[in-house]
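Here, each number is a calculation from the coordinates, and none is a lab measurement. For clarity, every value in this text was computed on a predicted model and none was experimentally measured. Cβ coordinates were reconstructed from backbone atoms using ideal geometry, including for glycine residues, and neighbour counts include every protein chain displayed.
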Amino acid sequence: MDKTQGYNEKNKSRYLDELLELLRIPSVSADPAHKDDMLTAASYIKNQLKSAGADRVEVMPTDGHPIVYGERIIDPDLPTVLVYGHYDVQPPDPLELWHSDPFDPVIKPTDKHPQGAIFARGSSDDKGQMFMHIKAFEAMNKTGELPCNVKFMIEGEEEVGSAHLGPFAEAHKDMLRCDVIVVSDTGIIDNQTPVITVGLRGLSYVEVEVTGPNRDLHSGLYGGAVANPINILAEMMAGLFDEDRKITIPGFYDKVLTVSDAERAEMNKAPFSLEAYLEDLDINDVCGEAGYTTLERTTIRPSLDANGIWGGYTGEGAKTVLPSKAYAKISMRLVPEQNSEEIARLFKEHFEVITPAGVKVKVSYLHGGEPYVMPIDSEGYKAGYRAMEQTFGKPPIPMRSGGSIPIIPLFENVLGVKSILMGFGLDSDLIHSPNEHFGLFNFYKGIETIPWFFRYYSELMRK
Ligand code: BES
Ligand code: MN
Ligand code: MN
C-alpha cells in the first residue's frame, strides 16, 4: 500500500488538474442543449480510464445519454468490485447567485475547508467523487497493488432519474457481474467524522395540473363565481398534511417499516446540533411529523414536498386575471417498504378524490426510485468501515441519508448485489445549489481511502 499512497502523493497536482478539466465540461443531463457536452464528458472519462490502465473501455450508447464502461480483470478467481458514479450534473441556475462561473472551477478556502474547496457544478455531486475512484484505481494499477478485479460503470442520467440504466444493467448482466458495488455519491458529517451511508430514501415524483375555466378570465368580472385553480391547488396541497404534519393520503404509511426504539436511540446518538441547524438555515424552528427528531424525519420517515408551484400572472406589477390553470411538481421521499409506483398511484387517487367541483385535475408520474438499506454485517460494509477508520483515524458512523440514488436498489434487484455507499462530501457542499463545492481535503481523502477499501475487501473475501 505504500507504493499506492506514494504514487498518489507524487501525482496530487495532476489529479486535481484533470478533475478541473472534467468540471469545465457542462454536462447537464436535463438540458438537451448540452447533449454534445454529455458526449465530451463521457469521452473524457473514457480516456481517463484508458490511461489509468482499464481494458474494454467503451462509451456505450443508451436511448438517453451514454454510459462509460471499463474494467481490469487481473484474475477471474478474485473478487470483483464494481464502481458506479455519474458524470452528469444538475442545471447550474440560478446563475446570478454563483460567485464564479459554475463551469470554470476556482479554488477558495471556506470555514469548513480551510485547505481550499473547488467551486464548480458537479464538484461534489458527483464528478469530484467519481473521479477519486479513477485516480485510486490508477494508483493501485500503476504500482501493481490492485488486489482484485474492478469494473467501472459511470452513467450520465443520474440527475434525471437513470431511466435507461435499469434496462442497460438487465441487458449487460454478464459484463456487470461483480461481488460488491462501491459508490461515492453521499457524504460524511464533517472532515473529522466519517460516515458510511447505510440507507437511502426512495422517491416518487409527480406533477399535477389543475384546470378551471377554459381560458384566463377577468378577475373582476368572474372573480367570486368561478373556481380559481391556484386557490384550489393551494387548498388541496394544504390538505395533504394534518395537524401533526402527517401525510393524509390514505394508505401512505401502510407499508412503512417501523424502526425499533433501540435503533432509533442508536441513530439519534449521531452528532447533530439543532441550534447549528437552525442557524445555518436561518429559520427559527424546524417543522415536521410530530413524534420524530429532525434526523429521523429526514431518514426513517417519508416526506412530501412541493418542488415548484406555478400558474397565472407572475410578471412585473399587477395583472387582474383569474387563471385557467395551476401546476405543481411534488416529490415524495419514501422509506422501506414503500414502493414508488404504488405511492404515486395512492397520491393520484387521493388527489382526484379531493378535487372540488369546478376544476379538473391531471396527475402525471414523472419518475421514481425505491428506498435502500445496507446491512452492516456484510463484507462490503466491513471493508468500508476499516478503510475509513484507517485513513480518518476514527471509525465511521453508519447513518441513513434522506437523499435518493434510485439505481442502487435497482442494482440489487437486477444484479443481486449490494452497494456500499462510501461518500466524502459534506452537507454544506451546496450540491444542486449555487456555489457547489468540494473540499480538496475530501478529494484527496477519498483517493487515499478507496485503495484501503479494495485491500480490506479482498482480504475479507479470501477468508
Ligand atoms: N448524490 C445525490 C443523492 C445524495 C446526496 C444521497 C447526498 C445522499 C447524500 C444524487 O445525485 C441525487 O441528487 N439524487 C436525486 C434523485 C434523482 C432521481 C434526481 C435526489 O436525491 O434528489
Ligand atoms: Mn449524485
Ligand atoms: Mn444529485
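Let a ≥ b ≥ c be the square roots of the eigenvalues of the Cα gyration tensor of the stretch 7-72; is it rounded (a/c under 1.5), or, if not, prolate (a/b larger than b/c) or oblate?
oblate
For residue 95 and residue 389, calculate 0.36 nm times their separation in residues minus their Cα-Cα distance, and state this gained length in nm to one decimal.
The span from residue 95 to residue 389 would gain 101.9 nm if fully extended.
With each label point set 7 Å from Cα along the Cα-Cβ vector, what nm distance links residue 171 and residue 142?
3.5 nm
Give me the extension gain from residue 241 to residue 270: residue separation times 0.36 nm, minus the current Cα-Cα distance, reported in nm with one decimal.
That pair, residue 241 and residue 270, stretches by 7.6 nm at full extension.
Give the Debye-formula value of log10 I(q)/I(0) at each listed q (0.11, 0.15 Å⁻¹), with one equal scatterer per alpha carbon of the stretch 79-166, two decimals each.
Treating every Cα as an identical point scatterer, log10 I(q)/I(0) equals -0.43, -0.74.
Of 12/151; 10/269; 12/46; 12/463, which pairs sit farther than 29 Å apart, going by alpha carbon to alpha carbon?
Beyond 29 Å between Cα atoms: 10/269; 12/463.
In nm, to one decimal, how far is the modelled label at residue 287 from the one at residue 3, with both set 7 Å along Cα→Cβ?
Here the answer is 5.9 nm between the modelled labels.
Based on a Kirkwood Rh over C-alpha pairs, give the Stokes-Einstein translational diffusion coefficient of the stretch 121-179 at 25 °C and viscosity 0.890 mPa s in µm²/s.
For these conditions, the coefficient is 183 µm²/s.
Cα centroids of the stretch 198-234 and the stretch 61-80: how far apart, whole angstrom?
So the separation of the two Cα centres works out to 46 Å.
Going by the alpha-carbon gyration tensor, a ≥ b ≥ c the square roots of its eigenvalues, is the stretch 305-463 rounded (a/c under 1.5) or, if a/c is not under 1.5, prolate (a/b greater than b/c) versus oblate?
Because a/c hits 1.5 or more and a/b fails to exceed b/c, the stretch 305-463 counts as oblate.
Shape call for the stretch 283-367 from the C-alpha gyration tensor, a ≥ b ≥ c root eigenvalues: rounded (a/c under 1.5), prolate (a/b greater than b/c) or oblate?
Because a/c hits 1.5 or more and a/b fails to exceed b/c, the stretch 283-367 counts as oblate.
Order these peptides, 337-344, 107-114, 325-332, by their mean beta-carbon neighbour count within 10 angstrom, highest first.
325-332, 337-344, 107-114
Suppose the chain between residue 357 and residue 13 were pulled fully straight at 0.36 nm per residue; how much longer would it get relative to their current alpha carbon spacing?
Length gained between residue 357 and residue 13: 117.3 nm.
Name the helices (complete DSSP H segments) of the chain with a Cα length along the long axis of 27 Å or more and a Kyte-Doolittle mean of at least 0.0, or state none.
Span-like helices here: none at all.
Relative contact order for the chain using alpha-carbon pairs under 8 Å, separation at least 6, rounded to a whole percent?
25 percent
Name the long-range amide H neighbours of residue 322: under 5 Å, sequence gap of 5 or more, or other chain; modelled H, no Pro or chain starts.
217, 218, 219
At 20 °C and 1.002 mPa s, grab the translational diffusion coefficient of the stretch 392-441 from Stokes-Einstein with a Kirkwood Rh over Cα pairs, rounded to a whole number in µm² per second.
Answer from the Stokes-Einstein relation: 158 µm²/s.
Which pairs in the list 135/418; 112/382; 135/394; 329/445; 50/418 are over 30 Å apart, alpha-carbon to alpha-carbon?
329/445
What nm distance separates the two modelled labels at residue 373 and residue 74, each placed 7 Å from Cα along Cα→Cβ?
3.6 nm
Place a point 7 Å from the Cα of residue 33 along the Cα-to-Cβ direction; which residues of the stretch 86-126 have their backbone N under 11 Å from it?
From the stretch 86-126, the list is 92-93.
Given a Förster distance of 35 Å, report the FRET efficiency between residue 110 and residue 294 from their Cβ-Cβ distance, rounded to the nearest 0.05.
It comes to 0.90.
What are the extents of the Cα atoms of the stretch 140-277 along their three principal axes, in Å, largest first?
80, 42, 31
Using only the Cα atoms of the chain, what semi-axes does the equivalent ellipsoid have when each is the square root of 5 times a gyration tensor eigenvalue? Give whole Å, largest first.
41, 24, 22
Based only on the alpha carbon positions, what is the Kirkwood hydrodynamic radius of the stretch 216-315, in angstrom?
Evaluated on the stretch 216-315, it is 17.2 Å.
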